[in-house]
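Contents: one structure, followed by commentary.
Please treat every number below as a calculation from the coordinates, not as lab data. Here the structure is a predicted model, which means the values were calculated and not measured. Glycine gets a Cβ as well: all are built from the backbone with ideal geometry, and neighbour counts include every protein chain shown.
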Amino acid sequence: MEVVRLRSPSGMAKLAGVALCIAGSFAIAFYTGPSLSPINHHRAFRADHHHATKARASQGTTMWIVGTFLMFLSNVTWSLWMVLQAMLLEEYPNKMLITTAQCVLRMAQSFVIAVVAERDFSKWKLRLDINLLAVAYTGFVVTGVSYYLQAWCVVLKGPVFLAAWNPLCFVLTIFCSSFFLGEIVHLGSIVGGILLVGGLYSMLWGQKHGE
C-alpha cells in the first residue's frame, strides 16, 4: 500500500516513523518509570481507582507486558482490516452497509467472549446509572459512528493515513484518564507516547512529500 524509496527523504521519514512507533511500544511495555502526579487531583471514582491501583500492583509486570502484547496484536489486526476495508470499498462502495455488517459481527464476537469471561448473568443487568450511559455511548458513538467515519476516511485518504493516526488515541487516553479520573501516569507511558506521536508525524511527512 505504501511506496518506500530508501534513498529519498520521504522514504527515510517513513522508516523513521515505523522505528519510532516500535520504540514507543517497547518503552510502554518494558519501562514503567516513576509515577507522575495526575493533572486532576479530585478523582471522580476514588474508591474504584483505589481498588484498581491495588489490583494492578498485585498483578505485577507480567500482566503489564501481556496487556501490551494484546494491545499490539489488536492494533496490527485493526490495521490489516483497514487495508482489507479499502479493497472492499473499491468493489462495494456502500459505507453504511459495511458499517452495519461490521457492528453485527462485532456484537456476535463480543457476546461469545462475554459468555466465556463472565458466566454469572446477574452481572449482565443494566441499571439507570453511569454504566448504562457508558454502554450506550460505546454502542452508538465508539462503534457505529466511528466505524462509519473510518470507512469515509479510508475512501478519502487511504488506509495507511488512518492507521498512522491510531497512536494518537493512546496519548489522548493518557491525558483524559489523568485529567478527568485522576489516574496516576508513569514516565514510561509519557516517553512512549512522545515516541508514538513522533512516529506519526514522521510517517505523515513522508507521505506528503513522497506523493
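Observations on the model:
- Amide H contacts under 5 Å for V185, placed H, 5+ residues apart: L36
- Cα-based values for region 117-211, radius of gyration first and Dmax second, are 17.9, 56 Å.
- The chain, relative contact order [Cα under 8 Å, separation at least 6], %: 55
- Cα-projected label distance for C176 with V141, points at 7 Å along beta-carbon direction, nm: 0.7
- Exposed trypsin sites (Lys or Arg not before Pro) absent - longest run of the chain, DSSP non-H/G/I/E/B, at most 14 other C-beta within 10 Å: 8-118
- Rounded FRET efficiency, nearest 0.05, which uses the C-beta distance separating L80 from A117 and R0 of 41 Å: 0.95
- In sequence order, region 17-25 has phi-based couplings of x, 5, 5, 5, 5, 5, 4, x, 5 Hz under the Karplus curve 6.51 cos²θ - 1.76 cosθ + 1.60, θ = phi - 60°, and Gly or Pro positions carry x.
- When exposed loop sites are taken as chymotrypsin sites (Phe, Trp or Tyr not before Pro) in a DSSP loop with at most 16 other Cβ atoms within 10 Å, the longest stretch of the chain clear of them is 46-164.
- Each Cα pair under 8 Å and six or more residues apart adds its sequence gap; the mean of these over the residue count of region 151-211 is a relative contact order of 37 percent.
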